[in-house]
Amino acid sequence: MKVEYPVANREKLCVILEGDLCADSLGNIWDDVVKKIDSLKPALLVVDAVKIKYCDGAGVSFLLDLKRRQAQHNGNCEIESLSKEYRNLMALIGDVNDVSLRQDTVKAGFCRQLISDIGMFTHSQWRDLIEQLVFLGKFCVTFAKLIRRPLSSIRWKTVFFLAERSGADAVGITCLLGFLIGLILAFQAAIPMMRFGAQVYVANLVAVTLFRELGPLITALVLASRSGSAFAAEIGTMKVNEELDAMNTMGIDPVSFLVVPRVLAAVLVIPLLTAFNILMGIIGAWVVMISLGFTTLTYVNQIKDAVNITDLSGGFMKTFVFGCLIACIGCLRGLQTTGGASAVGEAATRSVVSSIIAVVIVDGIFAVLFYYTGF
Amino acid sequence: MDRKSAVIQVQKLAGGYADKVIFEKISFSIYKGEVFVILGVSGCGKSTLLKHLIGLKKPLSGSVLIDGVDMVTAYGADRLKLLRKIGVMYQSGALFGSMTLCENVRLPMEEFTDLPSYAMDLIAYTKLKLVGLESYLHFMPSEISGGMKKRAAIARALALDPLIIFLDEPTAGLDPVTASEIDTLILRLSKSFGITFVIVTHELESIFTVADRAIMLDAKTKTVIADGNPKYLRDSHENQDVRNFFNRRSQEKTN
C-alpha cells in the first residue's frame with residue numbers, strides 16, 4: 001500500500017492511493033493522511049482511487065473518514081475512479097459526517113459531583129441495610145416454618161452435601177493455618193517473654209488467644225473466603241441463568257430451597273473446623289515449646305491452668321453466629337446479583353468483604369458482652 | 001461450481017468424542033461467496049461440525065482445510081493468519097459483558113491491526129451501522145435485546161473483514177420480523193462484500209431465503225444425506241426423510 005501527494009496546499013490536496021485498502025495496510029497511512037488534512041485543511045480533497053486493487057470494509061471506512069474530516073471544516077471531497085463495486089459499499093454504509101464517536105458524558109462541577117456521589121453512596125448503603133434486614137426477616141420466618149417439621153421439610157441431603165463441601169473439604173486448609181498460627185504466635189511471644197524469664201507462660205498466652213479469639217476468627221475467615229464466596233457465585237449464576245425465576249414460578253421458595261440448607265451446613269461445620277484449628281494451633285505452639293526446652297507435661301499443665309470451660313464455650317458460641325452470618329451474607333449477595341458474568345464475580349467479592357467486616361464487628365460485640373457478663 | 005474456488009474443504013472428516021462418534025467420512029467443499037447451510041434434526045451433530053470447521057475441536061480423523069490450510073496443524077503466526085480470515089457468531093452472541101458494543105467490535109482490531117484508535121472507532125461504527133445498531137454504540141450487552149445481541153455479534157465477526165463468517169443459529173428464538181432482518185443482512189453482506197457464510201440453523205423460513213446450498217446431516221447413518229439447493233432438496237430429493245424435513249412432516253404423519 002502506497003500513498004502519494006502530488007498536490008498539497010491550502011486550496012487542494014491530492015491523494016493517490018495504490019494497492020490494497022484493508023485493515024492490515026491502513027495502519028500508518030490512515031494517520032498520515034489524516035494529519036495532512038488536519039494541518040492543511042484544504043478546500044478541496046481529491047482522492048485518486050484508480051490504483052486501488054482491493055478495498056474492504058476497513059478501506060471504505062477510511063474513505064468515509066476522509067469525507068467526514070473534510071466536511072468538518074467545510075471543505076469538499078472528491079473520490080475519483082473508485083470502482084462501482086466499492087462505491088456501492090460506500091453507499092451501503094452511508095455518510096458518517098455527523099457522527100460523534102466519543103461517549104458524551106455530562107460533566108457536573110466538582111462540588112456538585114462530590115455531593116451527588118456522597119448522596120448516592122449513602123442511599124445505596126441505606127438500601128443495602130434495609131435489604132439485609134428484609135432478608136434476615138425472611139430467613140427467620142422461613143426457618144421457623146421449616147423447623148416445625150424438620151425431618152420432612154428441610155432438605156437434609158443437600159445440607160450434608162454442602163457440609164461436606166464447605167466443612168470436610170476445608171479441614172486441610174484450616175489445620176494448616178491453625179498449625180502455622182500457633183507456631184508463629186508462640187515463636188513471636190517467646191522472644192519478648194524471654195527477657196522476663198517468663199517463657200513458660202507462652203503456653204498460657206497461645207491457649208487463651210486461640211480458644212477465645214484467633215481460633216474462631218481464623219476459621220470464620222476461611223469459611224467466608226472459601227464457602228461464602230462459593231455460595232454467592234453459585235446462587236448468582238443461578239440468578240443470571242433465570243433458574244431462580246424458574247424456581248419462583250414453580251412455587252419453590254429460594255430461601256427455603258437454597259438459603260436454609262447452606263446456613264445449616266455452615267452452622268454445622270464451623271464449630272468442628274474451629275476445633276481442628278485450635279487443636280492444630282496448640283500442636284504448633286507445642287513444637288516451639290519443645291524446642292525451647294520445656295517438656296510436654298509442663299506445656300499441658302500450663303494450658304490446663306490457663307483455659308477453662310468458659311473460654312472454650314465462649315469461643316464456640318461465637319462460631320455459630322459467625323457461620324450463620326457468613327452463609328446468610330453469601331446467599332444474600334448471590335440473590336442480589338444482576339446482569340452478567342462480571343456481576344457474579346462482584347457478588348462473590350462483596351460476599352467476602354461484607355462477611356469479614358460483619359464477623360469482626362460481631363467479634364467485637366461478643367468481646368464487650370463477655371466482659372460485662374464476666375464470661 | 002467448479003469454476004469458483006473452494007474456501008473450505010472438508011475431507012473424510014470424522015467428528016465427535018473419542019467414545020462417541022457423531023459423524024464419519026464426511027466430505028464437502030464450500031465455495032467462495034456461497035451462503036452455505038448445515039441442517040439436520042436436533043442432536044445430529046450440526047454444532048459439533050461447526051466446532052470442527054472453526055478449529056475448536058480436533059477431528060477424530062480426516063481434515064478441514066480453510067483457504068487451503070489445515071486449521072488443526074497450523075501453529076503460531078499461521079494459525080493467527082487463518083483466524084483472521086474467519087468470523088464467528090455464537091448462538092447466544094457471546095459478547096463480552098464488561099465492554100460496550102463499540103469496544104466489543106474494536107477488540108479484534110486492537111489485537112490484530114495497528115490502526116490508530118480513532119480509525120478503530122470509526123470502523124466499529126461502520127460495522128455496527130451495517131447491522132443497524134449505530135445508535136447503540138456505547139450500550140452494554142446487558143442493556144440490549146436478544147436480537148440486537150445477535151446482530152452486534154455479527155458486527156463483531158465482521159470487524160476484520162473476514163473471508164468466511166460462521167453463524168450458529170442466527171435466527172433461533174427471534175421474532176419473525178427480527179429474523180427476517182437478519183436474513184436480509186446476511187444476503188446484503190454476502191452480495192456486497194462477497195463474504196462466504198456458513199450457517200447452522202433449522203429455521204426453514206430463513207433457509208429458503210438465504211441459502212445457496214445446504215447439506216443435511218443424519219444421526220442414523222452418521223453422514224451427509226443430502227447436498228444441494230434447498231428448494232431442490234425439498235421438491236425432488238430421492239430420500240423421503242430429507243423431503244419430510246423440508247416439508248415439516250414427521251415420519252408418523254407420512255406413514
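The values are calculated or read from the model by the stated rules, or taken from the named source; none is laboratory data. For clarity, every value in this text was computed on a predicted model and none was experimentally measured. Counting neighbours? That spans all protein chains shown, and the Cβs are built from the backbone with ideal geometry, glycine included. Please note that ligands, DNA and RNA were not included when accessible areas were found on the heavy atoms of the full protein model with its side chains. Shrake-Rupley method; radii C 1.70, N 1.55, O 1.52, S 1.80 Å.
Taking the options B:Phe193, B:Phe208, B:Phe139, name whichever one is of a type in the set (Phe, Trp, Tyr) and in contact with a Pro (Cβ under 9 Å, 6 or more places away or on another chain).
Details: B:Phe193 fails: in contact with a Pro (Cβ under 9 Å, 6 or more places away or on another chain); B:Phe139 fails: in contact with a Pro (Cβ under 9 Å, 6 or more places away or on another chain).
Of the residues listed, the single one that is of a type in the set (Phe, Trp, Tyr) and in contact with a Pro (Cβ under 9 Å, 6 or more places away or on another chain) is B:Phe208.
Would you mind telling me which numbered condition in (1) under 25 Å from B:Thr126 (Cβ atoms); (2) charged (D, E, K, R); (3) open to solvent by 80 Å² or more (accessible area, probe 1.4 Å) A:Arg112 fails?
(1)
Look at A:Asp117 and say whether it is at pLDDT 85 or above and open to solvent by 70 Å² or more (accessible area, probe 1.4 Å).
Judged against the criteria, A:Asp117 is a match.
All but one of (1) closer than 15 Å to B:Leu167 by Cα; (2) of a type in the set (Ser, Thr, Tyr); (3) free of Cβ contacts under 8 Å to residues at least 40 places away in the same chain hold for B:Thr221; which doesn't?
(1)
Restricting to region B:73-87, give me the number of residues that are touching a helix residue (DSSP H, G or I) at 6+ places or on another chain (Cβ under 9 Å) and surrounded by 14 or more Cβ atoms within 10 Å (Cβ to Cβ).
Here the count works out to 5.
Can you confirm whether B:Leu160 is open to solvent by less than 40 Å² (accessible area, probe 1.4 Å), touching a residue at least 24 places away in the same chain (Cβ under 8 Å), within 10 Å of another protein chain (Cβ to nearest Cβ) and not in a helix (DSSP H, G or I)?
When the stated conditions are applied, B:Leu160 passes them.
Please state which of the following conditions B:Ser142 fails to meet, knowing it meets all the rest: (1) within 13 Å of chain A (Cβ to nearest Cβ); (2) open to solvent by 20 Å² or more (accessible area, probe 1.4 Å); (3) assigned to a loop (DSSP other than H, G, I, E, B).
Here B:Ser142 meets the rest and fails (3).
Condition first: outside the structural domain of A:Tyr54 (by TED's automatic domain parsing) and part of a loop (DSSP other than H, G, I, E, B). Can you find one or more residues in region A:109-123 that meet it?
Taking every residue of region A:109-123 in turn, at least one turns out to be outside the structural domain of A:Tyr54 (by TED's automatic domain parsing) and part of a loop (DSSP other than H, G, I, E, B).
Here are B:Ile66, B:Ile154: which of them is in contact (Cβ under 8 Å) with a residue 12 or more places away in the chain, more than 13 Å from every other protein chain (Cβ to nearest Cβ) and in contact with a strand residue (DSSP E or B) (Cβ under 8 Å, 6 or more places away or on another chain)?
Answer to the selection: B:Ile66.
Give the residues of region B:110-136 that are in a helix (DSSP H, G or I), in contact (Cβ under 8 Å) with a residue 12 or more places away in the chain and within 11 Å of another protein chain (Cβ to nearest Cβ), sorted by residue number.
First pass over region B:110-136, keeping only residues in a helix (DSSP H, G or I): B:110-112, B:117-130, B:134-136.
Cutting the leftovers down to in contact (Cβ under 8 Å) with a residue 12 or more places away in the chain gives us B:112, B:120-121, B:123-125, B:127-128, B:130, B:136.
Across region B:110-136, the qualifying residues are B:Phe112, B:Met120, B:Asp121, B:Ile123, B:Ala124, B:Tyr125, B:Lys127, B:Leu128, B:Leu130.
Looking at A:Lys36, is it more than 18 Å from B:Tyr125 (Cα to Cα) and of a type in the set (Lys, Arg)?
Yes: the conditions hold for A:Lys36.
Would you check if there is a residue in region A:345-352 being open to solvent by 40 Å² or more (accessible area, probe 1.4 Å) and not in a helix (DSSP H, G or I)?
No, the conditions are met nowhere in region A:345-352.
Restricting to region B:174-191, name every residue that is open to solvent by 30 Å² or more (accessible area, probe 1.4 Å), within 14 Å of another protein chain (Cβ to nearest Cβ) and of a type outside the set (D, E, K, R).
Answer for region B:174-191, where residues must be open to solvent by 30 Å² or more (accessible area, probe 1.4 Å), within 14 Å of another protein chain (Cβ to nearest Cβ) and of a type outside the set (D, E, K, R): B:Thr184, B:Leu187.
Among (1) among the acidic types (Asp, Glu); (2) at pLDDT 85 or above; (3) open to solvent by 50 Å² or more (accessible area, probe 1.4 Å); (4) under 30 Å from B:Ser192 (Cα atoms), there is one condition A:Asp169 misses while meeting the rest; what is its number?
(4)
Return a yes/no flag: does region B:54-67 have any residue that is within 14 Å of the chain's Cα centre (by Cα) and surrounded by fewer than 16 Cβ atoms within 10 Å (Cβ to Cβ).
yes
Within region B:199-252, can you find the residues that are among the β-branched types (Val, Ile, Thr) and open to solvent by 70 Å² or more (accessible area, probe 1.4 Å)?
Selection gives B:Thr209, B:Thr221.
Suppose we keep only residues that are over 19 Å from the mean Cα position of the chain (by Cα) and among the hydrophobic types (A, V, I, L, M, F, W, C) within region B:1-22. Which one would you say is modelled with the lowest pLDDT?
B:Met1
Among the numbered conditions (1) exposed (fewer than 15 other Cβ atoms within 10 Å of the Cβ); (2) free of Cβ contacts under 8 Å to residues at least 60 places away in the same chain, tell me where B:Val21 comes up short.
Of the numbered conditions (1) exposed (fewer than 15 other Cβ atoms within 10 Å of the Cβ); (2) free of Cβ contacts under 8 Å to residues at least 60 places away in the same chain, the odd one out for B:Val21 is (2).
Taking the condition more than 29 Å from A:Phe161 (Cβ to Cβ) and open to solvent by 60 Å² or more (accessible area, probe 1.4 Å), does A:Val307 pass?
No; evaluated as a whole, the condition is false for this residue.
State whether the residues of region A:305-324 include one that is in a helix (DSSP H, G or I), in contact with a Leu (Cβ under 7 Å, 6 or more places away or on another chain), more than 21 Å from A:Phe187 (Cβ to Cβ) and touching a residue at least 24 places away in the same chain (Cβ under 8 Å).
yes
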